[in-house]
Amino acid sequence: MSTIYVSEANCPFVFKAISAVNVGAQEVLAVSSAAKALSQGQFGQFPLYAFTTEGIWALSVAPSGGYTAVQPIVRDETIDVESITQIDSALLFASKRGIMLLSGSDSRCISDSINSDATYDVRDLKGILSLHPMLQHQADSCLPVAPFSRFIANCRMAYYYPHQRIILYNTSKSYAYVYSLKSNMWGMMYSDLMYNVNSYPEALAINSNGEVVDFSEALDSTSKGLLISRPLKLNAPDML
């Protein structure tokens, strides 16, 4: 279906034919808004996006107060509508290229540095089987072995507004990726998240035990982590 129906103001159950918006694509998969200023002098230029089977269309406000389909702005298609996530001035979604950030009419991949179709098993590292139990996790449960392209096939994202972080998780995996919008760097964490709760600006999610996890709260307990790096040469080519 390629038609978006818009209800009347203050009447969410009344859909008039004059308010319907036809998008030039075979099927509309989802719609999402980005109402904050997209750039200087362009407040709400594209307040609504339509994710279709033929890319993403931008919808703008018509003089009548309704919406009108402007143009297809991105050829990338989302591989899972559940991955579409709103942040302050942009949208995030998973595509075959990776995790895309859509702002205005510009789209860029923020996961180029970790995109990989190759399977890498960190358990092959010498000594990892002795170090991992110190994290007090279940055996091998948080060690990533799936290619990133397979990980995002059924991913979800939660937006941690206070520290500008994106938590990328998969309900079938016991680890998650964390992306910092400030440093543009990726990290990882242990995860048993099932789905996140739309409660902006809080970052709330439900874990496998049905408990509410609030990423906005500071933990009093000390968290354990494992840091794996490349060999450090300390400016000496013959000494590690």
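When only residues in the range 183-215 that are touching a strand residue (DSSP E or B) at 6+ places or on another chain (Cβ under 9 Å), modelled with pLDDT of 90 or more and under 18 Å from ILE110 (Cβ atoms) count, which is least open to solvent (accessible area, probe 1.4 Å)?
By that ranking, first place goes to TRP186.
Could you list, in sequence order, the residues of the range 91-138 that are polar (S, T, N, Q) and in contact (Cβ under 8 Å) with a residue 12 or more places away in the chain?
SER95, SER103, SER105, SER107, SER111, SER113, ASN115, SER116, THR119, GLN136, GLN138
Going through the range 1-29 one residue at a time, which ones are modelled with pLDDT under 75, assigned to a loop (DSSP other than H, G, I, E, B) and open to solvent by less than 70 Å² (accessible area, probe 1.4 Å)?
GLY24, ALA25
Which of (1) assigned to a loop (DSSP other than H, G, I, E, B); (2) at pLDDT 75 or above does GLY65 not meet, given it meets every other one?
Just one mismatch for GLY65, condition (2).
The values are calculated or read from the model by the stated rules, or taken from the named source; none is laboratory data. Because the structure is a prediction, the values reported are computed rather than measured. In this analysis, Cβ positions are derived from the backbone assuming ideal geometry, glycine residues included, and neighbour counts consider all displayed protein chains. Accessible surface is based on the protein model in full, side chains and every heavy atom, while ligands, DNA and RNA are left aside. Shrake-Rupley method; radii C 1.70, N 1.55, O 1.52, S 1.80 Å.
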